[in-house]
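S.K.: A single structure is presented below for examination.
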Amino acid sequence: TVVNWIAVFTRKNHCDAIIESLKYCQKLKGLHIFAYCIKSNHIHMLVNTTEPFELKDVIRDFKKFTSKKILFQIQNEPESRREWMLKLFEDEAEKRIKHKTIHFGKLEIMLLKSIVLNLLGRKSITFTITQ
């Protein structure tokens, strides 16, 4: 979810950055995507990884790269809402000690356990749902 529920993903270039990152993770980080939906300010994904990759590590890298890429786009490509969005990101960063400049947000991964278990044919699976 993008901080303050800002509708960042209404622009094609930002959605393209997400899709590019997902493809990279599929190709080089063992990410399997069963379904995804890019909404205006958050993403839903049904995903898994193959060994030796850990889902938490792949998602961490995906979020880090994608947020930096989209921030770069906002700062350097045509964007009518640039100043407004950057101000909100900066305000949010001030509230968080670990982020020194701009906090874009967190891309939450929403997994439906019963569907995942069924798709993977497993009896149990470990994952984290963030709120």
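S.K.: Right, Leu86: modelled with pLDDT under 90, in a helix (DSSP H, G or I) and surrounded by 15 or more Cβ atoms within 10 Å (Cβ to Cβ) or not? It would help to see each step written out before you state the result.
M.R.: Details: modelled with pLDDT under 90: yes; in a helix (DSSP H, G or I): yes; surrounded by 15 or more Cβ atoms within 10 Å (Cβ to Cβ): yes.
For Leu86, the condition - modelled with pLDDT under 90, in a helix (DSSP H, G or I) and surrounded by 15 or more Cβ atoms within 10 Å (Cβ to Cβ) - is met.
S.K.: Residues Lys23, Lys39, Lys27: which one is free of Cβ contacts under 8 Å to residues at least 40 places away in the same chain, under 12 Å from the mean Cα position of the chain (by Cα) and open to solvent by 50 Å² or more (accessible area, probe 1.4 Å)? Spell out the reasoning first.
M.R.: Details: Lys23 fails: under 12 Å from the mean Cα position of the chain (by Cα); Lys27 fails: under 12 Å from the mean Cα position of the chain (by Cα).
Going through Lys23, Lys39, Lys27 in turn, just one is free of Cβ contacts under 8 Å to residues at least 40 places away in the same chain, under 12 Å from the mean Cα position of the chain (by Cα) and open to solvent by 50 Å² or more (accessible area, probe 1.4 Å): Lys39.
S.K.: Let me spell it out: the conditions are (1) open to solvent by 60 Å² or more (accessible area, probe 1.4 Å); (2) touching a residue at least 40 places away in the same chain (Cβ under 8 Å); (3) farther than 21 Å from Val3 by Cβ; (4) among the hydrophobic types (A, V, I, L, M, F, W, C), and Phe65 meets all of them except one. Which number is the exception?
M.R.: Among (1) open to solvent by 60 Å² or more (accessible area, probe 1.4 Å); (2) touching a residue at least 40 places away in the same chain (Cβ under 8 Å); (3) farther than 21 Å from Val3 by Cβ; (4) among the hydrophobic types (A, V, I, L, M, F, W, C), the lone unmet condition for Phe65 is (3).
Condition check ((1) among the hydroxyl-bearing types (Ser, Thr, Tyr); (2) part of a loop (DSSP other than H, G, I, E, B)) across all residues:
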site: Ile33; (1), (2): no, no
site: Met45; (1), (2): no, no
site: Pro52; (1), (2): no, yes
site: Lys56; (1), (2): no, no
site: Arg60; (1), (2): no, no
site: Thr66; (1), (2): yes, no
site: Gln75; (1), (2): no, no
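S.K.: In the range 1-19, what residues are touching a residue at least 40 places away in the same chain (Cβ under 8 Å) and open to solvent by 40 Å² or more (accessible area, probe 1.4 Å)? Spell out the reasoning first.
M.R.: Here is the first cut: in the range 1-19, the residues touching a residue at least 40 places away in the same chain (Cβ under 8 Å) are 1-4, 6, 8, 11, 13-14, 17-18.
Correct list: Asn4, Arg11, Asn13.
The values are calculated or read from the model by the stated rules, or taken from the named source; none is laboratory data. The model shown is predicted, which means the values in this text are computed figures rather than measured ones. A quick note on method: Cβ atoms are made from the backbone with ideal geometry, for glycine too, and the neighbour counts reach across all protein chains shown. Surface accessibility is based on the protein's heavy atoms, side chains included, excluding ligands, DNA and RNA. Shrake-Rupley method; radii C 1.70, N 1.55, O 1.52, S 1.80 Å.
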